[in-house]
1. Can you run down the residue pairs with Cβ atoms below 7 Å, 6 or more apart or on separate chains, where the first is in region 329-345 and closer than 12 Å to G435 by Cβ and the partner is surrounded by fewer than 20 Cβ atoms within 10 Å (Cβ to Cβ) and at pLDDT 90 or above?
2. Can G149 be described as at pLDDT 95 or above, crowded, with 24+ Cβ neighbours inside 10 Å and in contact with a Gly (Cβ under 7 Å, 6 or more places away or on another chain)?
3. List every residue pair whose Cβ atoms lie under 7 Å apart, where the two residues are 6 or more positions apart in sequence or sit on different chains, the first residue falls within region 496-520 and is closer than 14 Å to A536 by Cβ and in contact (Cβ under 8 Å) with a residue 40 or more places away in the chain, and the second residue, located anywhere, is among the hydroxyl-bearing types (S, T, Y) and buried (at least 18 other Cβ atoms within 10 Å of the Cβ).
4. Do we find a residue being more than 24 Å from the chain's Cα centre (by Cα), of a type outside the set (F, W, Y) and more than 27 Å from T535 (Cα to Cα) anywhere in region 424-433?
5. Is region 308-315 home to any residue that is at negative phi and among the β-branched types (V, I, T)?
6. Can you tell me which residue among P137, P89, P142 is crowded, with 22+ Cβ neighbours inside 10 Å and part of a loop (DSSP other than H, G, I, E, B)?
7. Applying the selection to region 95-115, what residues are of a type outside the set (F, W, Y), crowded, with 23+ Cβ neighbours inside 10 Å and farther than 18 Å from E304 by Cα?
8. Looking at (1) part of a loop (DSSP other than H, G, I, E, B); (2) within 20 Å of the chain's Cα centre (by Cα), can you tell me which one P289 breaks?
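The values are calculated or read from the model by the stated rules, or taken from the named source; none is laboratory data. Computed from a predicted structure; not experimentally measured. Virtual Cβ from ideal backbone geometry, glycine too; neighbours counted across all protein chains shown.
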Amino acid sequence: MTVRVRSAAVAFGLVVTIASAGVVACAEPGEEEDPSVRRTTLGAVRGLAEEGSLSWLAIPYAEPPVGELRWRAPVTHRPWEGVREARAPGNGCVQEGRMFSPAPSGPHFGLDVRDGLKQPVGSEDCLTLNVHRPSTPEADLPVIVFVHGGSNVVGYSADPMYDGRALAQRANAVVVTVNYRLGVMGWFDHPALKTGDPDGDSGNFGTLDQIEALRFVHDNAAAFGGDPGNVTVMGESAGAVNVWALLVSPRTAGLIHKIIPMSGGLKFESPVAAREYATAFAEEALGSPPGDDAAARLRALPAEEVIRAQVRRGAEVGDPPRVLSDGVVLPADHHAAIATGSYRDVPVLAGNTLEEGKLFGAAIGAHRPSERDRFTLQYEFDPDRPTGLTERDLMADRYLPVDGPGGWNEAAAGLTRSIFTGITHDSMNTMQAAGNDQLYYYQFGWNQQPAPFDAVYGAAHAIDLPFVFRTFDEGFFTFGFSRRNEPGRLELSDLMTAAIHAFVRTGDPHHPDLGAPWEQWPRSMVLDATDERATARPGAAE
């Protein structure tokens, strides 16, 4: 059995516990010629040069949102002296541990992710971003800013699935991945926190973090060889919801030129629901009615206690509302905003996987093992050594056979339609009705995992991400990537990154290797592969 314990830090040739996150006192003579040292508006950073790429990790774009800065709009990070080391991944934002959370021991993926399930992991000191680019002297490269998913409750930019080095090289672009506040830390609309600042009073702190990161990118793209006038914002799942939200925010004028929302659409929640949640949450977290000193008491709580209260509330009412239609940071009516706003002309490359719902069996009791046992089984599974594992080992009896009436395929298809494709299609139709003539859509169908994962997951939500980032060696889905299916999936990855290469330059994802024209919405390009070959064919959005 092969156990993968390589962390995201080790993937960069580092060890988190000994890498410095501090600042070097001064630059050495001749250091200005060192391509790993770049000077930003906040100060100089020293990164890594390896494997055909340059990377700068954990660059702080805002002050740590701790103490009095908790539940306030982000404050631009203060400048630093000397050269700041940017060679180790930064902390994920504090969150409830789930399958796509960082491990309790730090911002990496490993077997110990399972030990953080339902527990607080990450840190409040987390507002950092990572920058990757090819190790060439080329300037004015397109910039891709990636916003991670995770229901806006979990996730972290150091997830090895989001390692931007290969994408930067294949798309010949500057790739930026961003941390932002999550869950109740990121979206919290309690009346005691109002100060009269319109942005801070919105409750959209996670959204404001992303906007602050985009401002940093705009101000510093050129320092990393990027073009601040050609920024594509890409995100998956909740990250795609965030991308659409950023597009229609009046606070992002001039910061976004194209978008790639993967498996998500326009989906805002009402401030009324957010205030109701916040009022009940404050009482849960404080153990008593908040009183006049609610803001001070809430900010004084240890971050871990805030997350534990979120977990307790979640067991009763679900996750906190997030991405709020406050009418200031985000429009109260996004359909009307698109009908009248200039962002209706931004090129869009959106998509869904064909079996999105298959990632969410736990939500309907479809998985037989516990979350901990399922994570362990998948982590330790060697896709090149077939076992006797069957669908019955992973799926509850009532969803078997998977292709029978009421089986897993049918149940998952219902989740796919109700949660994912509906909001994507609505968003694309809204843009089309507003007159946008640069709308492209893909459907991802790859389901070549070794049995039984081909049936349990198939073309599940998020499984297209390793194909975009070409990160097959480490992360949640490695149980599906075998030597047998490698030729087809690598070729499919090539088709997808070539489409991104074209789109970020022209606003059109078509390229000759597809073998067929990529028609505009509501037409689609269906991307798939056998074990041996990739396929791309025009289709209709379903």
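1. Partner pairs satisfying both residue conditions: I338/A434; A339/A434; R344/A434; R344/G435; R344/N436; D345/N436.
2. yes
3. P509/Y440; W518/Y440
4. yes
5. So far as region 308-315 goes, yes, one or more of its residues are at negative phi and among the β-branched types (V, I, T).
6. None of the other options fit; the residue is P89.
7. Scanning region 95-115 gives a single hit, H108.
8. (2)
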